[in-house]
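A short worksheet on the structure shown next.
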Amino acid sequence: MRVERLLSPLPGLLVLAALLLGLEWAVDAGLIRRALMPAPSTIALRLWDLLEAGDVWAPMMQTLRLVFTGFAIGSAIGIAAGLAMGWWPAVFRLLEPLVELIRPIPKSALVPPLMLFLGIGFTMKVTSVALVVTFPVLVNTLQGVRGVDRVMLDAARTHGWPARHTLLHLVLPAALPLVLAGMRISLGLAMVLAVLSEMLAGEGGLGFLILDMQRSFRVRDMYAWLVILAVLGLALNWLFVLAERRALHWQRR
Amino acid sequence: MKITSGTWLILGLLALWEASARLGWVESPNWPALSQVLAALAADMATGELPARIGGSLWRMAAGLAAGGLAGVLTGLAFALIPLTARLFGLVVELLRPIPVPAVIPPLVLFLGLDDPMKITVVALTVFFPVLTNTLQGVQAVEPDSIAMGRTFGIGPLRRAAFIILPAALPAILAGFRVALALALVVTVVAEMIAGEQGIGSYLVLMQFAGRAPEMYGVILLLAALGYTLNRGFVALERRLIRWWYAQARQAA
């Protein structure tokens, strides 16, 4: 069983290795133009240089800070608004049409006007990330709150729990699986908006670098930064799934 | 439509928008009145420039949706029905999935240029993943009994896949397409914003640079309406395609 689990990713790794080797060979044999796709080995070397010189950290931290801040703000607003709308019918009636009006706007299209108002700095980028994060979290929180067991709510009332206590200790935990599912979707979207706003604002970060390297025909650098971004996306996703499992440990037993 | 507090809130905000620009509460070239925005939008539609750009964007979106969706369904079917393919290629798919879409645009520009092929590929790549995931889950959830029955009746594997498994997994697949449709519009606009001079995304950035705020906001309103209409249209189509599924759900309830 143990050996089997250790071996299970092996076929996948072999295919990955075969693809990389095939690419290497195709570039060497001149089937793919080096100006478009340098050999994977040279990209790996470039990546190593970047890591060794420590050039990786500043742009990576810039993008990470953007994703984290925007994600935190957007999630907080989404959860708060979702809870309020799910809990008080009056708030739902007040905000629901507005939410339905703003939700279908592609948030990426809001980057240009945000640039007009907030410039090209951190504020603009964080706002665009927070905007895209808010709505999936809000909609999922709302659904989660609505799905809370009536009997449990009645029980809380019977025990004389104040509304705030019920919200924090019954409704929020019960809605948590859906809230976290919404946040998982939002995390991917946060990365998309972070990269896009960095590309459009042109002021550093991984997104800016990838586009800038392409425009200055430093193709090897472009792929190296792309690999870094991919690893970052993978790591963030993995961390979130891990955190989600810990937070929901009571659910799957 | 029922007039609720939410409707009043929207009307109030729109009135505030109009008044703040008309009465000079907010004095900024970036803050045109709602009526100016609508007039600019109407003028752009009348000259025929905007309709042509929308048509182009929609065509690229549809082509990408079709290509990526087909690839997603086929890959999902293969992964679910032939476990070996999942073990071989699952890892590569999982490694590619978390790359934020805007980041793949620069390398694709190198290979495919700035026009339709690049943009359609970007959309197809975006659409591929949600459709794949949903197809996989949908096929795995098909009742084993119905597949066994097909086998008993001597129906071959290909026809089983096409006439038993695919229809049974259709609700899940369509749910994947609904998610993909929203993403496809966003990504079409993103690709147009970053590269090339085509379509509605490029127009948006053009208007931003030209400082023509009314036109810019007009395009955003139009995009929101487009996103909303596409979603509604798809839901209507979905209800027709899988009417039996809704009927079953109603019976169960």
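The values are calculated or read from the model by the stated rules, or taken from the named source; none is laboratory data. Remember, it's a predicted structure, so these values are computed and weren't measured experimentally. All Cβ positions, glycine included, derive from the backbone under ideal geometry; neighbour counts span all protein chains shown. What goes into the accessible areas is simple: the full protein's heavy atoms, side chains included, and nothing from ligands, DNA or RNA. Shrake-Rupley method; radii C 1.70, N 1.55, O 1.52, S 1.80 Å.
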*Only residues that are under 19 Å from A:SER186 (Cβ atoms) and open to solvent by less than 50 Å² (accessible area, probe 1.4 Å): list them for region A:70-94, please.*
A:GLY70, A:PHE71, A:GLY74, A:SER75, A:GLY78, A:ILE79, A:ALA81, A:GLY82, A:LEU83, A:ALA84, A:MET85, A:GLY86
*When you go through A:LEU16, A:LEU110, A:LEU64, A:LEU47 one by one, which is the residue that is closer than 30 Å to B:PRO29 by Cα, open to solvent by less than 60 Å² (accessible area, probe 1.4 Å), at pLDDT 90 or above and not aromatic (Phe, Trp, Tyr)?*
A:LEU110
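Any residue at all in region A:138-159 that's touching an Asp or Glu at 6+ places or on another chain (Cβ under 7 Å), more than 14 Å from chain B (Cβ to nearest Cβ), open to solvent by less than 40 Å² (accessible area, probe 1.4 Å) and assigned to a helix (DSSP H, G or I)? Spell out how you get there, then give the answer.
The first filter runs over region A:138-159 and keeps only residues touching an Asp or Glu at 6+ places or on another chain (Cβ under 7 Å), leaving none.
So far as region A:138-159 goes, no, none of its residues is touching an Asp or Glu at 6+ places or on another chain (Cβ under 7 Å), more than 14 Å from chain B (Cβ to nearest Cβ), open to solvent by less than 40 Å² (accessible area, probe 1.4 Å) and assigned to a helix (DSSP H, G or I).
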*A:SER41 fails exactly one of the following numbered conditions: (1) more than 9 Å from chain B (Cβ to nearest Cβ); (2) under 30 Å from B:THR85 (Cβ atoms); (3) touching a residue at least 60 places away in the same chain (Cβ under 8 Å); (4) open to solvent by 20 Å² or more (accessible area, probe 1.4 Å). What is the number of that condition?*
(3)
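List the helices (runs of 4 or more DSSP H) that sit entirely inside region B:150-253 and contain at least 2 residues that are modelled with pLDDT of 90 or more.
Passing ranges, in order: B:166-194, B:199-210, B:213-241.
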*If you check A:LEU248, A:LEU187, which single one turns out to be surrounded by 18 or more Cβ atoms within 10 Å (Cβ to Cβ) and touching a helix residue (DSSP H, G or I) at 6+ places or on another chain (Cβ under 7 Å)?*
A:LEU187
_Every residue in region B:108-149 that is touching a helix residue (DSSP H, G or I) at 6+ places or on another chain (Cβ under 6 Å), among the small types (Gly, Ala, Ser) and part of a loop (DSSP other than H, G, I, E, B), please._
none
*Checklist (1) under 32 Å from the mean Cα position of the chain (by Cα); (2) on the phi > 0 side of the Ramachandran plot applied to B:ASN30, failing item*: (2)
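Determine if region A:199-216 includes at least one residue that is under 11 Å from the mean Cα position of the chain (by Cα) and touching a residue at least 24 places away in the same chain (Cβ under 8 Å).
From region A:199-216, those under 11 Å from the mean Cα position of the chain (by Cα) are none; that's our starting set.
The answer is no; no qualifying residue exists.
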_Some residue of region A:77-98 being within 13 Å of chain B (Cβ to nearest Cβ), on the phi < 0 side of the Ramachandran plot and in contact with a Lys or Arg (Cβ under 6 Å, 6 or more places away or on another chain)_ = no
_Test result for A:LEU187, facing another protein chain (nearest Cβ under 9 Å), assigned to a helix (DSSP H, G or I) and in contact (Cβ under 8 Å) with a residue 12 or more places away in the chain_ = no
*asked:* Taking the criterion of being in a helix (DSSP H, G or I), open to solvent by less than 30 Å² (accessible area, probe 1.4 Å), within 11 Å of chain A (Cβ to nearest Cβ) and farther than 21 Å from B:GLY227 by Cα, would at least one residue in region B:68-91 satisfy it?
replied: yes
*Residue in region B:111-128 that is farthest from the other protein chains (Cβ to nearest Cβ), counting only those that are open to solvent by 30 Å² or more (accessible area, probe 1.4 Å) and not charged (D, E, K, R)*: B:ILE120
